[in-house]
Every structure is written in C-alpha cells, then in structure tokens.
Amino acid sequence: MTRKIHPAVVSAQPFQVANLRPTDRLFEDEEGRDRLEKAISRYPDKRAALLPMLAYAQERNGWVSPESMQQVAEALDLTPAYVNSVATFYTMYNKHPTGRHMIQVCTCVACHLCGGEEVFEAFLEATGTVPGAMSEDGKYVVMEAECLGACGFATAVQVNDRYFENVTPETVGEVLARLEQDGGE
Amino acid sequence: MSEHVVSLTVDGVEVKVPAGTPVIQAAERAGSVVPHYCYHPGIPSRPAQCRMCLVEIEGQPKLQPSCVMIAQEGMIVHTQSEQALEARRSVIEFLLLNHPLDCPICDAAGQCMLQDYAYETGQLSSRYEEPKLVLGRDRIAEDILYFADRCIICTRCVRFMEDIAGDNSLVVAQRGHKAYIDTFPGQELEHAFRGNIVDVCPVGALVHEDFVFKARAWDMDTAPGICAGCSQGCNIEVNVKENQVVRVKPRYNADVNGYWMCDEGRRHLVMANRGLRLDVPMIRRGDVLEAVTWSEAIEWIAASAPWGAGGVAVVHPGESNETLFALRELIGALGIAGGGYRMSRGEEVELPGFPRLKLRQDRAPNGAGAELFGFSETDAVPVPEAGQTLLVAGDRLLDAGSDYGAQAGFYVYLGTHMTEGASSATVILPLAGAGEADGTYVNFDGLVQRFHQAMQPPGVARPGWMVIDRLLREVEPDRPPMRDVAAAFGSMAAATPELEGLSWRGLGLKGGRTAGRATVTGAR
Ligand code: SF4
Ligand code: SF4
Ligand code: FES
Ligand code: FES
C-alpha cells in the first residue's frame, strides 16, 4: 500500500504506529523515495529532513533500527553516528522493536490519581513482560507514557495510534481481547 | 586608542585586548584563570554548555559565560565574586552527582580539571543521597577506552573530531544525565589524529588503552621533545616513568602543531627504542666482536682507521643536526666524498581544521637537516668495493643481510640497534636513541627546533655528536671540544651559513628559522 502525502504533512504522520508496512530498505520503494524527496524539499538543508525521516522509519517498522539509521544517514549525507545521536536524544523514537501492539499506559498526574500505576502493572502481568521489552511472541510492548492529553478519561492507554479510555485493571483483559480480535490495525 | 583594541578591568587589573577577544582570554591576560570545561582554546566551536566559566560583569543582571562573552570597552569583570564562586560551586555539585569519584584508580588523577576545581570549591561531601547512575565503559577506538561515568559531557572530544578532524562519527548519545559519548554501534573511531580526543578530555573519561593504569601523573618525569615520526616536527611532551616512555602528548606550538599531534607520532617514541639495543662499544678481534670501553674503542679507531683513504657512507635522517654535522666532519676526515641517506615514506594525512599540521610523507624528522649537511637521498645502502672503508650511522639496515659490508676494509657502524647488517662491522659504536639525547632537527619548513633528553640511554650508549667529537679530537688534538650540546650547536652554526645567528639558547622551545630556508627544504 502506497500512501501519497502532501509535503506539508510529511513529518506529521502518526509515527507511533507499529508494523504498518515493514521494510528492510526504507528508500527503495516508491513510497520511500517519495517521502524522502518531499521531506528534503521542505528545508534549505538536507540535514533538517532527519527528524521526519526517522519518524518515517518508525512509521514503517514500528521502531528505528540501526539499519534504518544507516539508511537514513546515507540518504541525507550524514554519518550513522550523528543519526544515532539524534535518534537517541528523542525518547519517542523507539530504539527497540515494539511488537505488534505498543501499549503506552499513561501514569502522569490525572491518570496516576485514577490508578494508572495499577493499570500499568496489570498490562505487564497480562502480557507477561517487563517495561519496555517485547513479549516473546512479538505481540506486545508495554511502557509508561507521559500525559496523553486524555486526562478527562483517565486512565488513558494508547495502543499504536489508537486510544482506549477509562481503562481499569479489570478492563485490561478486554482491551487485549479487542486487540487480538482486530489484529494490528 | 585604536578601535581594534578594547580595554577592560578584570579583578581590578586593567588589560587591553584585541577587539573580539572572549572575556575568558582577557581574564587570563589579567592573571585570572577562569575555571572552564567546554571551552578549549584550540577548538573553534564554543557551545557554552558547561556553565563553569560564569563571571560577574558589572551592569549585567545575570552571570555571563566568559568563554563566549566578548570583551567590551570599559567592562568591569569579577571572576572571584561571591556570586560567581557560588555558581561554580553549584556546577561542580551537579557534575559530581553521578560521578564515581574513582580518582584513586583514574589515570587523569593529578591532571584532572574536575579534581582541581572540585578541590578549589572546597565541598567536602555530597548532599546527594540517591544511588548513582552507572553507565559503564566502552571502547571508542582500537586504542582508546571511554569511562562513561567520569564523563562530564563537555563535548570537547566530539567537537575536536567535528571541527578539527572533520569527522562527524563521534557523538553524544542519549540526553540529560544518561548522555554519553559514542560512535555508531559496532563502529570504532578511525582517524589518524583521533588520539587528540584523549588530550582534550578535561577529566579521565577518555584514556589511551596502552596508558591505562601505567603511571600516576606525579610519578612521571617530563621532557620537552620533538616528534621524530615525520618531517612536521610536532612539539611533544615525553612522559617517562622508570626510564620508559609511557606517554607522548602534544606540546603547544602555534607555528607547528598547535595543540595537536597524530597517532603515528604518539606511538613512534614508544616503539623507537624497542628491540635489541647496542649498549657498549665493540671492536672486531678475529671472528668476534668484543665489548670494550669507550677509551679503548676511540684510541683503537684513531690508531687503526684508514684516515683519508676514502670510502662510502650512509647516515640517517633521524639523527640530530649536531650528529649529522659531526658525521660530516668524520666522513671528511676519513676522506669519503659525501654520503647518502635513506628516507622512508608514507601517505600524507591532513588535519582539515588545522591545515598547518599534516602527517608528512617523509617519515623521519630531519631530512632537511641531512640535506643541510650535504647528504643526499639514495634508495639503497652503498656497497663498498673490496678493501674500502664503509661507515653506517643510524640506518638500521633492515634490508641488509649478515654479509653486508663483509668486503669492506674497515666498517664502522654507529647506531642504536644490533642488526644483521652490522654483524661484519669492524667496530660498533652504541648511540643514544630517540628521546635519549638533546639536539635539534630542521623540520620540513626550515624551522630548527630543540629537543631534550627524556631518559637515559642503555649502558654506555652516548649521543652521536659526543662520540664523534671525542674520536676526532683523538685524531686532531687541537680541535675545540664540543663540551655540551650548546657548544655542539655553536660549532655547527659557526660552520653553517644557513644557521647563522642561531644559538642553542636563542632557539628556546619555539625554534628558529634557518636563513634562506628554501635551500634546506628538500623535505616533503
Ligand atoms: S569524554 Fe571527556 S572530552 Fe568527551 S565529553 Fe566526556 S569529558 Fe568531555
Ligand atoms: S604529524 Fe609527524 S611530527 Fe607530528 S606527531 Fe605525527 S608523525 Fe609526529
Ligand atoms: S494524565 Fe493521563 S492523559 Fe493526561
Ligand atoms: S567554558 Fe564557558 S560555558 Fe563551558
């Protein structure tokens, strides 16, 4: 599936989506070349296209792998080390595989007061994982998130680009079942 | 007053500095050293990120980083005010939060800016009670280790690589208190000048692996030297412990190498004196070379050498000017018409951010000196005719077999190492090697530079000029003696028009130019 997008929104894609259109070679298909070209066209300096291209890598693969960093570096005439430096500066670029479902549980103030910590624990237990590490079957990663902007519906949980609201430890099983049922999207 | 000069007052001392000078440099002129980490005078980028150099400037509501603040006419700067000291105390407290305080096993201890300034601020204990973050260590390059916990993220190393070496492959990874320096995972830093990141590191975070745990700063002796790795003639500091070179660091000389040197040069002196050293004079008696005293050797050569009979000679461009000059005299006395030298060559490597410095093609320090004293470059060692005199000085004859020189009537070998090519010598005289003698070299640019003895030569080995002077005075008792290296330089300068006006003392540690320097720069 190729998504044609306007250059103005080249870096505003929902870049936390996991396993959407996985690829080993980011810039070898039409979509990749198109995104690269459009991102570069937006800035006076090629280097400035680095953030959108890292976001693009994550959009495709769910995370920014060392191989992706190398490909981005090559595409933008940067050193892989520099790309790594930028990618590791930002916590929202995932530097580890995120599995099919990347579950981010808000434990910020409002959600915390409404039991966010317990929801977080419940997700860890239900998926049998430790924070940030992928489950063995490659399905889940559970991590804490800062405020997801859904404080009115605490506890908020973001799975890939989809929101679940008013989650409680009791409803964690339901959420997982829904994910199972809907597949990755 | 010229508009290119501004005058300001730093800690009550009035100084005049060129317009555009940062306050930290103006303060230095006024005698106040402002503590700093990220600022390095040799690195052009000034991120002002460590906040260590904050000073108070009258009329300005907040403290200012003196490394980027440009001195203005009439400024009144206080580097030691209560406010400035308090700011520095806080910076040090922050830097020490996660620092392991492992000075007792840190190679920078005694030469560490964190240690010095922490001591200066006088905080005896920490208020931080949380567990410290542990980042561990890493290998940054084949020969460089990184102790991440000691790192204060001043980014000097990153900026040396980027600004001076032009290589953007060392970076800060992660951020905040988790930040550390890294290459791309799985890669190592490869650059001919990478070793300088260890020198610019103000703490013990970057260390050359071959120096780790070798010596404490206060246990080393230090002598100013000149690198003998190529014809650039980088100024170096030779660190010696128990008569072994443990480390070579660049020594600032704006005209030659700035603050930098290459990695090949760092290794050169450490490697140069390895191997089977000659430590006693030897004379051939029948089939064997017999160890003798210097007096015996000198008297014997004076009596038995075929003076004036001619022959062939080869010298080495790694010898000092003084030795090359003395060799020319000796060769003359033996009646040999001129000699050759062999030069080893390698790739030239540039340092883009400091173009004056290059690892030069001529991988010996004194090709220009050899030319100056009339030696000319050859490809092969000379082969004497049967019965002829052969003199080899300094060339290690690595390509010669044990029969080399066997047909010579009289074969004198002066050198540092025993080698196969010397095994048929009539007489072997042991010379002091690199770092073991005083002397001068002429670099590719015609600059005459002094180097100093850093350690003792093995056994009774002596500097070449001293040995030859002693021998020549045995033959011609009226010769004025070269009592020390200054006198040797004096005799040499008196006999060499290109060195006119130069003296050992006058050269100092910055060197002096040869007159008509073009005439001596056969060097590349
Ligand atoms: S390794 Fe040394 S030079 Fe590099 S950032 Fe750390 S403290 Fe500074
Ligand atoms: S550039 Fe030449 S003189 Fe300078 S350190 Fe390297 S080898 Fe030595
Ligand atoms: S605090 Fe959880 S969404 Fe704002
Ligand atoms: S030396 Fe001025 S801020 Fe670091």
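Under a model in which nothing but the beta-carbon of Lys, Arg (+1) and Asp, Glu (-1) is charged, the protein assembly as shown shows a dipole of about 1200 debye around its Cα centre. What the Cβ-Cβ distance of residue A:77 and residue B:94 gives, at R0 = 41 Å and to the nearest 0.05, is a FRET efficiency of 0.65. Averaging sequence separations of C-alpha pairs under 8 Å and six or more residues apart, then dividing by the length of region A:101-181, give the relative contact order as a whole percent. Relative CO of region A:101-181 lands at 38 percent.
Of all DSSP bridge pairs formed entirely within chain B, close to 70 percent run antiparallel. Shown for region B:142-169: residues covered by the partner protein chains by 40 Å² or more of accessible area relative to the chain by itself (probe radius 1.4 Å), namely B:168. Computed over chain B, relative contact order equals 11 percent, with contacts defined as Cα pairs under 8 Å that lie 6+ residues apart.
Burial here means at least 10 square angstrom less accessible surface with every protein chain in place than with the chain by itself, probed at 1.4 Å; in region A:49-85 the buried residues are A:66, A:70, A:79, A:80, A:81, A:82, A:84, A:85. Which residues does a label at residue B:406 reach in region B:258-292, if reach means a backbone N under 18 Å from a point 7 Å past the Cα toward the Cβ? Only B:284-289 pass the distance filter. Looking at region B:1-71, the GluC sites (Glu not before Pro) that sit in a DSSP loop and have at most 12 other Cβ atoms within 10 Å of their own Cβ are B:3, B:58.
For chain B, which whole-number percentage of the solvent-accessible area (1.4 Å probe, protein heavy atoms only) is attributable to carbon and sulfur atoms?
Ligands and nucleic acids excluded, carbon and sulfur give 51 percent.
With a Förster radius of 35 Å applied to the C-beta separation of residue B:510 and residue B:276, the computed FRET efficiency comes to 0.40. The angle between the Cα long axis of helix B:321-333 and the longest principal axis of the Cα atoms of chain B comes to about 10 degrees, rounded to the nearest 10. Buried between B and A is an accessible area of approximately 1100 Å², summed over both sides with a 1.4 Å probe. The value of relative contact order for region B:5-94, using C-alpha pairs under 8 Å at least six residues apart, is 33 percent. Taken along the Cα-to-beta-carbon direction at a fixed 7 Å, the label points for residue B:285 and residue B:109 span 5.3 nm.
With only Cα atoms counted, chain A has Rg and Dmax values of 17.3, 52 Å.
Spin-label model, residue B:72/residue B:295: points 7 Å from Cα along the beta carbon direction are separated by 7.7 nm. For region B:251-348, trypsin sites (Lys or Arg not before Pro) meeting the loop criterion (DSSP other than H, G, I, E, B) and having at most 10 other Cβ atoms within 10 Å: B:274. By the gyration tensor of its Cα atoms, with a ≥ b ≥ c the square roots of the eigenvalues, what is the shape of region B:5-94: rounded for a/c under 1.5, prolate for a/b over b/c, or oblate? Oblate shape, in that a/c is at least 1.5 and b/c is the bigger or equal ratio. The helix-based estimate of mean residue ellipticity at 222 nm for chain B, built from -39,500 (n - 2.57) per DSSP H run of four or more residues and divided by its residue count, is -5500 deg cm²/dmol to the nearest 500. For region B:401-418, 3J(HN,Hα) computed residue by residue from phi via the Karplus equation (6.51, -1.76, 1.60; θ = phi - 60°) reads x, 6, 8, 4, x, 4, 7, 5, x, 8, 10, 9, 10, 10, x, 9, 10, 6 Hz, glycine and proline entered as x. Please give the FRET efficiency for residue A:133 paired with residue A:153, using the beta carbon to beta carbon distance and R0 = 25 Å, rounded to the nearest 0.05. E(calc), rounded to 0.05, equals 0.35. Rounded to the nearest 20 debye, the dipole size of region B:137-255 about its Cα centre is 400 debye, using +1 on the Cβ of Lys and Arg and -1 on the Cβ of Asp and Glu. Overall shape: prolate for chain B, with the ratio a/c of the largest to smallest alpha carbon gyration tensor axis at 1.5 or above and a/b above b/c.
Mind checking which of B:464, B:262, B:63 is farthest towards the positive end of the protein assembly as shown's charge dipole, using Cβ charges of +1 (Lys, Arg) and -1 (Asp, Glu) about the Cα centre? Result: B:464. Put a dot 7 Å past the Cα of residue A:170, heading toward its Cβ, do the same for residue A:48, and the two dots end up 5.3 nm apart.
Compared with the dominant principal axis of the Cα atoms in chain B, helix B:263-272 is inclined by about 40°. The slack between residue B:267 and residue B:46, meaning 0.36 nm per residue of separation minus the straight C-alpha distance, is 76.5 nm. Computed from backbone phi with θ = phi - 60° and the Karplus coefficients 6.51, -1.76 and 1.60, the 3J(HN,Hα) list for region B:364-375 is 8, x, 10, x, 5, x, 4, 5, 4, 9, x, 8 Hz; x is used for glycine and proline. Helix B:82-96 and the longest principal axis of the Cα set of chain B meet at an angle near 70°. Applying a DSSP loop filter and a limit of 12 other Cβ atoms within 10 Å to the GluC sites (Glu not before Pro) in region B:149-255 leaves B:190, B:242. Average accessible surface for region B:216-261: 35 Å² per residue, computed with a 1.4 Å probe over protein heavy atoms with every protein chain in place.
Across A:24, B:263, the residue with the most accessible area heads the list, and the full order at a 1.4 Å probe is A:24, B:263.
The values are calculated or read from the model by the stated rules, or taken from the named source; none is laboratory data. On a predicted model such as this, the values are computed, not experimentally measured, just so you know. We place every Cβ from the backbone using ideal geometry, glycine too, and count neighbours over all the protein chains shown. Quick note on the areas: whole protein, heavy atoms, side chains included, nothing else; ligands and nucleic acids left out. Shrake-Rupley method; radii C 1.70, N 1.55, O 1.52, S 1.80 Å.
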